[in-house]
1. Please go through the range 145-173 and pick out each residue that is modelled with pLDDT under 90 and out of contact with any helix residue (DSSP H, G or I) (no Cβ under 6 Å at 6 or more places or on another chain).
2. Is it the case that residue 141 is free of Cβ contacts under 8 Å to residues at least 12 places away in the same chain, of a type in the set (Lys, Arg) and within 22 Å of residue 175 (Cβ to Cβ)?
3. Restrict the check to the range 141-151 and report whether at least one residue is more than 26 Å from residue 191 (Cβ to Cβ) and not in a strand (DSSP E or B).
4. Can you give me the number of residues within the range 21-35 that are out of contact with any strand residue (DSSP E or B) (no Cβ under 6 Å at 6 or more places or on another chain) and touching a residue at least 24 places away in the same chain (Cβ under 8 Å)?
Amino acid sequence: MTRVLVVDDEPQIVRALSINLKARRYEVHVAGTGTAALKVAAQHPPDLVILDLGLPDLDGVEVIRGLRGWTEAPILVLSGRVDSTDKVEALDAGADDYVTKPFGIDELLARMRALLRRSNQTAEEPIVQVGAAVVDLAAKRVSLDGNDIRLTPTEWHLLEVLVRHPGKLISQRQLLTEVWGPGYETAHGNLRFYMGQLRRKLEPEPARPEHLLTEPGMGYRFEP
């Protein structure tokens, strides 16, 4: 049974989530503070964490950092904060996705399923589909209908980071640091340019991408 830790100081939200998750056969543990969340997580290691940022004792970002010290379980942030700065800070601390309150339970459950599918992969798949294109991670090769698609080293590195984390929202800062290195954290123009290049090469309709998606002001996500 999949174990979910719900961390929120609003009783009505905790109750609603507990009812809906238990009805779908999840094992649910709850905590109303950051301190309690870290303690419960240590006692009952979760498969996924749903975490509110606005907790009465610790900021949610501190809780994320505490969890990331020992677990790779997906963390789905659930918060009323609408400022993209808060979202980016949570992602940079190690959160995997972000849902803003008020939220629909169907959307939340879909995000959970996507994160759990990714975390349940026991090994990185050497072959990944990006629409009709085939990405061979082991051979560092991309092909379409049997023909190689030429990528620059930067395009390949950017694509590789995204496809190795399907469903995960990766912040612009994370991608810039991973692909370009320290000192390029604010080079957003580079990122937009190379994402555009990848879409032109891999997406059937680059203006309406289906797989290499943008979360405005936050980052990018690969959806298989």
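1. 145, 146, 164, 165, 168
2. Details: free of Cβ contacts under 8 Å to residues at least 12 places away in the same chain: yes; of a type in the set (Lys, Arg): yes; within 22 Å of residue 175 (Cβ to Cβ): yes.
Answer is yes for this residue.
3. Initial filter on the range 141-151 (more than 26 Å from residue 191 (Cβ to Cβ)): 145-147.
So of that shortlist, the ones also not in a strand (DSSP E or B) come out as 145-146.
Yes, there is a match, as at least one residue in the range 141-151 is more than 26 Å from residue 191 (Cβ to Cβ) and not in a strand (DSSP E or B).
4. So the first thing to find is which residues in the range 21-35 are out of contact with any strand residue (DSSP E or B) (no Cβ under 6 Å at 6 or more places or on another chain), and the list is 23-25, 32-35.
Filter again for touching a residue at least 24 places away in the same chain (Cβ under 8 Å), leaving 24-25, 32-34.
Residues in the range 21-35 being out of contact with any strand residue (DSSP E or B) (no Cβ under 6 Å at 6 or more places or on another chain) and touching a residue at least 24 places away in the same chain (Cβ under 8 Å): 5 in total.
The values are calculated or read from the model by the stated rules, or taken from the named source; none is laboratory data. Model, not experiment: these values are computed from the prediction. Cβ atoms come from the backbone with ideal geometry, glycine included; neighbour counts cover every protein chain shown.
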